[in-house]
Amino acid sequence: MTVQQDAPNGGDAQDLEVWIDQDLCTGDGICVQYAPEVFELDIDGLAYVKSSDDELLQDPGATTPVPLPLLQDVVDSAKECPGDCIHVRRVSDSVEVYGPEAA
Ligand code: SF4
């Protein structure tokens, strides 16, 4: 998996969102260790994203905004995810910037 090392333009308020492909999630919980504010394991043993008000979004492939202070933790989760199933993309054009489909 190739992950861009350069952070997105820090001074630019570039809005990012993250989603998980539950079909590939192994349920190991690495993402939850990195960013418990963003990821949580549901009772089905798979990881899901949480909304900004801490609500678990149980729809497969649901997206949630990535708070800038948590960006590095979310990027590290995507790098370490054994399922290669954490996708971080720009809100503006849905281009993946971190994750298995990032350029
Ligand atoms: S790190 Fe990836 S495979 Fe592991 S629980 Fe999180 S989303 Fe699933």
| field | Relative packing of peptides 29-37, 89-97 - highest average C-beta neighbours within 10 Å first | value | 29-37, 89-97
| said: Rounded, prolate or oblate for the stretch 16-98? Axes are the square roots of the Cα gyration tensor eigenvalues, ordered a ≥ b ≥ c, and the cut-off for rounded is a/c under 1.5. | reply: rounded
| query | What angle do you read, to the nearest 10 degrees and between 0 and 90, between the alpha-carbon axis of helix 71-80 and the longest principal axis of the chain? | reply | 60
| request: Before anything else, pin down the relative contact order of the chain: Cα pairs under 8 Å, at least 6 apart, normalised by residue count, whole percent. | output: 35
| Global geometry of the stretch 59-103, whether rounded, prolate or oblate, following the gyration tensor of its Cα atoms and the 1.5 cut on a/c | rounded
| said: If I stretch the segment between SER51 and ALA103 completely, what's the gain in nm (0.36 nm per residue apart, minus their alpha carbon distance), one decimal? | reply: 16.1 nm
| said: Can you compute the charge dipole magnitude of the chain about its Cα centre, using +1 on each Lys and Arg Cβ and -1 on each Asp and Glu Cβ, nothing else charged? Give it in debye, rounded to the nearest 20. | reply: 240
| Residues with amide H under 5 Å from that of VAL97, placed H, sequence gap 5 or more | VAL88, ARG89, ARG90
| So for THR64, THR26, fewest C-beta neighbours within 10 Å to most, what's the order? | THR26, THR64
| Amide H within-cut-off set for GLY83, under 5 Å, with H built and near neighbours excluded | THR26
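Computed from the coordinates by the stated procedures, all read-outs in this text should not be read as laboratory data. Worth saying up front: this structure is predicted, and the values here are computed from it rather than measured. FYI the Cβ positions are ideal-geometry reconstructions off the backbone, even for glycines, and counts take in every protein chain you see.
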